[in-house]
Every structure is written in structure tokens, then in C-alpha cells.
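These notes concern the structure reproduced below.
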Amino acid sequence: MSTIKDVAKMAGVSASTVSRALSGKVPVDEATKQKVFAAVKALNYEPNPLAKSLKEGKTNTIGLIMPNIRNPVFPAVARGVEDIAREHGYTVVLCNTDEQLNVEIEYIEKLKKRWVDGFIFATAGKADDHILDLKDQGIPVVLLIRNIEDEIDAVVVDNFSAAYKATKYLIGLGHKDIAIVNGDSSLKLYKDRFKGYKHAMEEAGISIDDKFILQDIESTSQAYETVSNLLKSKNMPTAVFATSDPKAYGVIRAILDFGLDVPGDISVMGFDDLELSAFINPPLTTMAQPWYQMGARAMERLIEVMEGKEKIQPKVDVMDVKLVARKSTGEKS
């Protein structure tokens, strides 16, 4: 491979003159510039991007840290991040942590050594000191879907309000015996969804049967098994609020396999609005999160932070969640 010194020798100029001519940032005599360009073409010279990055202190690369890209919510999020990144000349490095803290920290250290310009995390929740450390080091960070505190930029939805609206919708259909199939109770987003459900029930003067509170359900199969066991009891719900669409799929399958009808016997509400949710049988009523837009906004905010000439105050963008009514819910018979 040709070097900048080879170009300088052929053009009869110094290496620093070649650098100035190629950067376009410093005026160079036109005749000299043409000699440099001719030498570059003849030698098929390509500037070393790593050397350029080290000199400028910028690589135009960001790290996107996610729990698991196989989770159906994350492809749309990742696409939103990538599309905005590409528009602005950034490259995205995607890392899956499988919710393992040691894996996440390992990725962070590797990416820091490669001079990434910033990070987007969709993993914040259980242990966040390493993320706070990045912020303290002056490395731009934006949180996505999950947030820690208002001192770090984040793009989220109002999980409390959305769960409140979902539960209130079921109550409006005449349901009182409403079970909740919730996720990891140590994560703030699931804590907020449970609080929203509970607030709607209490506001309506409806007491909650402890058997109807199903916490720490993390998969479709676990939702299926848990609800199957619930249906064996004499005290069955007339509606189930699952705090993610994949959990709702498991709930619906359990109800149908038990010989009951959805929504004739039990209504089911989800939370996500994944693409599949409109096509299962019956189509799922759910709270729609703007996945692509959340990813896009997170990248836009990271660019604002990375390219801002002055330090800007952190902010949490809260995006709207909309109720999408389909055929998995109906009035209590």
C-alpha cells in the first residue's frame, strides 16, 4: 500500500502539504494541489482512516448495546438508530449482552479502546454504575427504552400512564377480575407498568386478588405455563393484561388450549404492538410503542451531544404510547 510519503515524493512536496491538500481545510496553491491529486490517483493512495481518527479524536462510530437482538422489539429500534446514524456519516457497532453485566462491561471496554464517539444503551436497569462512569468520563451516552435517572439523556415511554390506560380500557369493558402478567420486577419499566395497573384498579374501587398478580414472567413459554396454572383454579380472571406482546401470545395460547375463548371468556391486552400482533388469532389489542422512532430519536440526541460545541443539559424524551384495539378484547359477558 502506498503511504503519504510516497505521494509527497511523487508530487515533489512535503507530507504535510499532501495532508493539507487532501483535507481541504487549509488553502493550498492550485498547481500544488493538482500535483498531489495526480500522485494520489497514480499511486491509488487511500488515507488511513484510523490515523485520521486518532488525529481528529473522532471515529464517527457509536456503540449500540442491547440485551438481545432476537427479542422482536429490538430490530425496529436498531434500524431507527442505524438510519439516522448513516444519514449523519456514523457507523453503528451492535453488541448483544444477553442481560449479562460482565459481557456488557467487556463490550464497553473494547469499544472505548476503539475510540467510539458515544454509546446508546437499551440495557439500563439492574446495575448501572458502569454507565454512570462513562458519563463521568465525558463520554456521550443516551439511554433507550429503559432509563436510570434524569441526569442522563434518555428516550423512553411513560410506562405508568400506558399501563394505567390499558387497565382502564379493560375496566371500561366491564372487567373487574383483571390479572396482570408482568416482567422482571427489578426493572423500572415493569415496576411502572405494575403501578399503572394497580392505580387504575384502585381508582375504580376494584380490589386485586393476589392470585392475579403474576410477576417476573420473562418469556412467552413462561407466560403460557403460569397462566395455564392460574386457569386450573376456581377463581379465574375475565381479562389479562400482559405487559409485553410476547407474554400476551403465551396467555392467549394457554386460554385457547384450556378450551376457553378469547375474548368471549377472557379478554387479553398486550403492550408493544409488534408486527405479528395484528396477525395472530385473535389479533391482539395492545399498547403501541413507537419503536423505530425511539431508536431514531436516541441517535439524533446522541449526535446533538457528541457534536455540540458546548455542554448541553441532559433531557429525557418521553414518547407517546397509543392503544390499538383489536379482537382479543371485548365486553365482559
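One residue stands out in the range 166-188 among those that are within 22 Å of the chain's Cα centre (by Cα) and not in a loop (DSSP other than H, G, I, E, B): the one that is surrounded by the fewest Cβ atoms within 10 Å (Cβ to Cβ), namely Lys188.
Inside the range 301-333, can you point out the residues that are within 20 Å of Ile148 (Cβ to Cβ) and assigned to a helix (DSSP H, G or I)? Passing the criteria: Arg301, Leu302, Glu304, Val305, Met306. Filter the range 139-165 down to the residues that are part of a strand (DSSP E or B) and of a type in the set (A, V, I, L, M), then identify the one that is farthest from Val77 (Cα to Cα). Result: Val141.
Results for (1) free of Cβ contacts under 8 Å to residues at least 40 places away in the same chain; (2) under 14 Å from Lys327 (Cα atoms); (3) surrounded by fewer than 24 Cβ atoms within 10 Å (Cβ to Cβ); (4) within 28 Å of the chain's Cα centre (by Cα), shown as yes or no for each residue.
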{"residue": "Tyr224", "(1), (2), (3), (4)": "yes, no, yes, yes"}
{"residue": "Ser228", "(1), (2), (3), (4)": "yes, no, yes, no"}
{"residue": "Ser233", "(1), (2), (3), (4)": "yes, no, yes, no"}
{"residue": "Met236", "(1), (2), (3), (4)": "no, no, yes, no"}
{"residue": "Ala239", "(1), (2), (3), (4)": "no, yes, no, no"}
{"residue": "Ser244", "(1), (2), (3), (4)": "no, no, no, yes"}
{"residue": "Ile266", "(1), (2), (3), (4)": "yes, yes, no, no"}
{"residue": "Phe271", "(1), (2), (3), (4)": "no, no, no, yes"}
{"residue": "Pro282", "(1), (2), (3), (4)": "no, yes, yes, yes"}
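Within the option set Gly196, Gly270, Gly250, Gly172, being modelled with pLDDT of 95 or more, more than 29 Å from Ala76 (Cα to Cα) and small (Gly, Ala, Ser) holds for one residue only, Gly172.
Within the range 86-130, can you find the residues that are polar (S, T, N, Q) and part of a strand (DSSP E or B)?
Selection gives Thr91, Asn96.
For Gly250, the conditions (1) assigned to a helix (DSSP H, G or I); (2) farther than 29 Å from Gly295 by Cα all hold with the exception of (2). Of all residues in the range 255-264, none are aromatic (Phe, Trp, Tyr), assigned by TED's automatic domain parsing to the domain that holds Ile178 and either under 26 Å from Arg70 (Cα atoms) or part of a helix (DSSP H, G or I) (or both). Once the range 218-243 is narrowed to residues that are assigned to a loop (DSSP other than H, G, I, E, B) and modelled with pLDDT of 95 or more, the residue that is nearest to Asp98 (Cα to Cα) is Thr243.
The values are calculated or read from the model by the stated rules, or taken from the named source; none is laboratory data. Predicted, not measured: the structure shown is a model, and the values here were computed from it. No Cβ is skipped: glycine too gets one built from the backbone with ideal geometry, and neighbour counts run over all protein chains shown.
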